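Working notes for the structure below.
A short reminder: the numbers here are calculations on the coordinates, not readings from a lab. Nothing here was measured: the structure is a model prediction, and the numbers come from that model. Cβ placement follows ideal geometry from the backbone for every residue including glycine, while neighbour counts extend to all protein chains displayed.
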There are 2 protein chains.
Amino acid sequence: MQAEIITIGDEILIGQIVDTNSAYIGQQLNKIGVSVYQITSIQDDKQHILQALKAAEKNADIVIITGGLGPTKDDITKHTLTEYFEDTLVQNDEVLKHVEDLFAKYISTPISNLNRMQALVPSKCEVLMNEYGTAPGMWLEKNQTVFVSLPGVPYEMKQLISNKVLPKIQQKFKRPHILHRTILTYGLGESAIAERIEHWETNLPEDIKLAYLPSLGKVRLRLSTKGFDVNVIEDNIQNQLKILMPFIEDIFVSFEDDFDSLEQVVAKELVNQNKTIAFAESCTGGKITEMFTRNSGASQYLKGSIMCYATQSKIDLLEVSVETINRFSVVSEPVAKEMAEQTRKKFKSDIAVSTTGNAGPTKGDSNVEVGTVCVAIATETGTETYTFHMGNMREKVINKTANKVLELLQKDFLKN
Amino acid sequence: MQAEIITIGDEILIGQIVDTNSAYIGQQLNKIGVSVYQITSIQDDKQHILQALKAAEKNADIVIITGGLGPTKDDITKHTLTEYFEDTLVQNDEVLKHVEDLFAKYISTPISNLNRMQALVPSKCEVLMNEYGTAPGMWLEKNQTVFVSLPGVPYEMKQLISNKVLPKIQQKFKRPHILHRTILTYGLGESAIAERIEHWETNLPEDIKLAYLPSLGKVRLRLSTKGFDVNVIEDNIQNQLKILMPFIEDIFVSFEDDFDSLEQVVAKELVNQNKTIAFAESCTGGKITEMFTRNSGASQYLKGSIMCYATQSKIDLLEVSVETINRFSVVSEPVAKEMAEQTRKKFKSDIAVSTTGNAGPTKGDSNVEVGTVCVAIATETGTETYTFHMGNMREKVINKTANKVLELLQKDFLKN
């Protein structure tokens, strides 16, 4: 059971946008036992689209296409699909009514013929109604392959995938279960881990695949397998984990719940332990806070944050003492400590975390080397402080610091 | 002059990570006149990689491959490339020394044979030294096509692209100039714009392409062309813009400088006008601040932010009056107004912006409908307040609010 994802749009190829749709679709298909064989991004070009459809038909049982369904001339996916299926466009009355309703309710400009033309669909297609937009999804079948065309707007695509496409795939195809088990470790590089577990890895059964996913200080190990009997494949993975665990006990952090990110693991622990948190972010510039708030439910544990970018704001808002700053510099453990303790007090949180550092590329108000970051974590029992050297690239310094904070919280402050 | 990008790694296809490398590479290639024809993401599977290389060779002058260069068994790109080139692996002493140096300086675990094997490269390749990691880049040529293999770690890949790959491409190939001109508009949907400019669009010369890029309330129009004489293509675009502009005068916001994002446009204006800004973010949870701080130079104009997620933190940190909250609810223009004014005072900034709303999926401390967002912008001349209905999906509410704030700043507070 294999799928190919085709994303269409010049803006992807010139790098004007990042294609996030594919990752979402890949995740969702995996959950119902469909493996993604290939993701292909191509321009809004008829010949190229036709060629990609033909190539995909050879390898895939399902081809999911996103993008190119807008009402304007540069969007040609629908016409090209119609040509590929040797079909003609016909008006779908339900879609037309929906488009007219959307305009009447939400859109201030009057509806035009271009908008009404969104209701034209290939006669052979089954329409997947798009509640949140004017371009309907389309389900088409050719020989043994299903083609699904969806709008490229992420929230419209997501709704169609979960409410329409997945249920239809589940109904139509017999699919295996795909099981991933991801182990988060830190403290060792991937090659050091590989040497430790070499014997185990060499003896892994053929149907279990191991992947190493290194990322800024942590390494995730992912075991993957698939099969039709969910109990059998779960047992197989469990048996392998039993052999593996003794080798990695000292570097094991947690199992990652499917695709839970580390901030989701931390969030769950905070809720479980009924603890609240607050942040004072300087060099990380709001990144850590944003990682938590992008998931719903943050109000259960997150009191808030102060993003004190300018040195003066550390004094004005966090009442860090000028003397401490002058004596130790603004990037120092004593400043981080005061920031965390003041934040804990001001937000009345159980835990408060501060970051102060030089993200670069140029030095800020402190003379410390670019990449130096101080972190403090304050709790009712006291405050721990840390200094790290995070390299010399802004993006890396910010992201690595955010990851490090999450790891410290997970390992030293929230571990059961 | 065409390129294909191939990204290798199971984690991309199962959606465990979003492929951001391709967008970066696409942007960089475009800037030096190389068009990306296709982006292909495939699994760590030998047959599939070989097949993708063969297909790419047919269409592309340059094939950029990322991923699969780690020291562990699941990474097979290097071996597969060697097979594709009917080559053998040989040790590169410079790489070996570099790997040993990296371990000696930065890595606490001892170097292993697996790490040393990173210095094995195909004999036919030119090594591109990777300053930031152990896997070297590799430049190989076959028939008329260049193959470049790069590590998948984003900051390692980025350094190799800008310091090694682009200069070599510029040296080897005669390339046209590619010119994009992107116009940011808002106030009209894409189809309404298309109707207005239909006559102009129909008469566009063949070598100028128009794209509509709608996104949460704004529509960008992108004109693209290419040619070997940069003056000629610039004139061609300018002539078309002269005809176009009168049709869109009322909805025109700005030209987007190449791929500058709206926050970069706002940041530049703040610096030009020598103004400072601060934020109080509730429902946007740090998103707006993070958008600014991810780019360097934010300390020139950004004083800081308060992320007052919990209602109590609005009272404790921003001194919003309990009476105002009780009377109007925490999601209301009067609360947004107090938040912005207090923020402006506390951070001593020229401009302060606040957001308060229900991002969903469930209602928070206010009974207003999910998706309702109040925004206030305080300046020395007073405070403007706004209420928006941003739909019912968390991700959409947060991102749409952030975009709206940037638009308001750009259009009403920073326009020259």
In debye to the nearest 20, how big a dipole does the protein assembly as shown give about its Cα centre with +1 on each Lys and Arg Cβ and -1 on each Asp and Glu Cβ? 720 debye
Short version: what are the Cα gyration tensor semi-axes of chain A, square root of 5 times each eigenvalue, largest first, in whole Å? 46, 30, 19
Out of residues 5 or more away from B:SER254 or on other chains, whose amide H comes under 5 Å of its own, with H placed 1.01 Å from N in the peptide plane? B:LEU184
Enter the angle in degrees (range 0 to 90, nearest 10) between the Cα long axis of helix B:262-272 and the first principal axis of the Cα atoms of chain B, meaning the one along which they spread out most. 70 degrees
Sort shortest first the distances from A:GLU395 to its counterpart in every other copy, using label points 7 Å along the Cα-to-beta-carbon line, and give them in nm. 2.0
Using θ = phi - 60° and Karplus 6.51 cos²θ - 1.76 cosθ + 1.60, couplings along the range B:84-94 (whole Hz; Gly, Pro as x): 4, 8, 6, 10, 10, 8, 10, 7, 9, 5, 5
Debye, to nearest 20: dipole size of the range A:130-175, +1 on Lys, Arg Cβ, -1 on Asp, Glu Cβ: 300 debye
For the range B:262-413: relative contact order, % (alpha-carbon pairs under 8 angstrom, 6 or more apart): 25 percent
Report the residue, chosen from B:THR385, B:THR77, B:THR324, that carries the largest GNM mean-square fluctuation when chain B is represented by alpha-carbon nodes joined by springs under 10 Å. B:THR324
Modelling each spin label as a point 7 Å along the Cα-to-Cβ direction, I'd like the B:LYS174/B:GLN47 distance in nm, to one decimal. 4.3 nm
Quick one: angle between helix B:46-59 and the longest Cα principal axis of chain B, in degrees between 0 and 90, rounded to 10, please. 80 degrees
Label-point separation in nm, B:GLU141 to A:GLU395, each point 7 Å along Cα→Cβ: 3.0 nm
Crossing angle, helix B:333-347 versus chain B [Cα axis fit, 0-90 degrees, rounded to tens]: 70 degrees
For B:VAL36, list long-range residues whose amide hydrogen, built 1.01 Å from N in the peptide plane, is under 5 Å from its own amide hydrogen. B:ALA3
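Averaged over peptide B:81-90, how many Cβ atoms belonging to another chain are found within 10 Å of each residue's Cβ?
Numbers: counts 0, 0, 0, 0, 0, 0, 0, 0, 0, 0.
The per-residue average across the peptide is 0.
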Scan the range A:155-251 for chymotrypsin sites (Phe, Trp or Tyr not before Pro) in coil per DSSP, keeping those whose Cβ has at most 15 other Cβ atoms within 10 Å, and list them by number. A:PHE173, A:PHE228
Calculate the length of the line joining the C-alpha centroid of the range A:132-146 to that of the range A:48-85, in whole Å. 10 Å
Most mobile listed residue (A:ASN203, A:ASN92, A:ASN21) in chain A, GNM with C-alpha springs under 10 Å: A:ASN203
From the cross-link list A:LYS31/B:LYS363; B:LYS46/B:LYS164; B:LYS268/B:LYS400; B:LYS46/B:LYS226; A:LYS268/A:LYS400, the entries with a Cα-Cα span beyond 25 Å are A:LYS31/B:LYS363; B:LYS46/B:LYS164; B:LYS46/B:LYS226
Over all residues in B:22-32, what is the mean tally of Cβ atoms on other chains that come within 10 Å of each residue's Cβ? 4
In this structure, the FRET efficiency calculated for A:GLN273 and A:ASN239 from their beta-carbon separation, with R0 = 41 Å, to the nearest 0.05, is 0.80
List, in order, the whole-Hz ³J(HN,Hα) value for each residue of the range B:367-380 obtained from phi through the Karplus relation with A = 6.51, B = -1.76, C = 1.60 and θ = phi - 60°; use x for Gly and Pro. 8, 5, 4, 4, x, 7, 9, 10, 10, 10, 10, 9, 9, 5
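Cβ under 10 Å from A:MET129's Cβ, A:MET129 left aside: what net charge do those residues give with Lys, Arg +1 and Asp, Glu -1? Walk me through the numbers on the way to the answer.
Details: positive: A:LYS164; negative: A:GLU94, A:GLU131.
Counting the neighbours of A:MET129, the net charge comes to -1.
Helix-only estimate, please: 222 nm mean residue ellipticity of chain B, summing -39500 (n - 2.57) across DSSP H runs of length 4 or more and dividing by its residues, to the nearest 500. Display every interim value, and only then the final one.
Working: 17 runs with 161 residues, N = 416.
Helices in chain B give a 222 nm mean residue ellipticity of -11000 deg cm²/dmol.
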Running a GNM on chain B with Cα contacts under 10 Å, which residue among B:ALA104, B:ALA194, B:ALA310 ends up with the highest mean-square fluctuation? B:ALA104
Local electrostatic count, B:THR289, Cβ distance below 11 Å [Lys/Arg +1, Asp/Glu -1]: -1
Residue-span extension gain [B:LYS348 to B:THR381] - 0.36 nm each, minus C-alpha spacing: 10.4 nm
Residues whose modelled amide H sits under 5 Å from the amide H of A:THR66, counting only those 5 or more places away in sequence or on another chain, are A:ILE6, A:THR7, A:ILE8, A:LEU150
What distance in nm separates the two pseudo spin-label positions at A:PHE228 and A:MET117, each 7 Å out from Cα along the beta-carbon direction? 4.8 nm
When Cβ neighbours within 10 Å are restricted to other protein chains, what is their mean count per residue of peptide B:112-120? 3
Karplus-derived 3J(HN,Hα) from phi for the range A:35-43 (6.51 cos²θ - 1.76 cosθ + 1.60, θ = phi - 60°), whole Hz, x at Gly and Pro, runs 8, 8, 7, 7, 10, 10, 10, 9, 6
Return the FRET efficiency for the residue pair B:GLU126, B:LYS105: r is the Cβ-Cβ distance, R0 is 35 Å, and the value is rounded to the nearest 0.05. 0.85
Note the distances from B:GLU131 to each other copy's matching label point, with points 7 Å along the Cα-to-beta-carbon direction, in nm, sorted shortest first. 5.1
Ordered shortest first, which distances in nm separate the 7 Å Cα→C-beta label point of A:SER321 from those of the other copies? 3.6
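Run the dipole for chain B about the Cα centre, Lys and Arg Cβ at +1, Asp and Glu Cβ at -1, nothing else charged, and hand back the magnitude in debye, nearest 20.
Details: 44 positive and 54 negative charges, 87 e Å.
Magnitude of the dipole: close to 420 debye.
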For a quick check of your reading of the filter: which GluC sites (Glu not before Pro) in the range A:163-258 sit in a DSSP loop and have no more than 15 other Cβ atoms within 10 Å? A:GLU206, A:GLU249
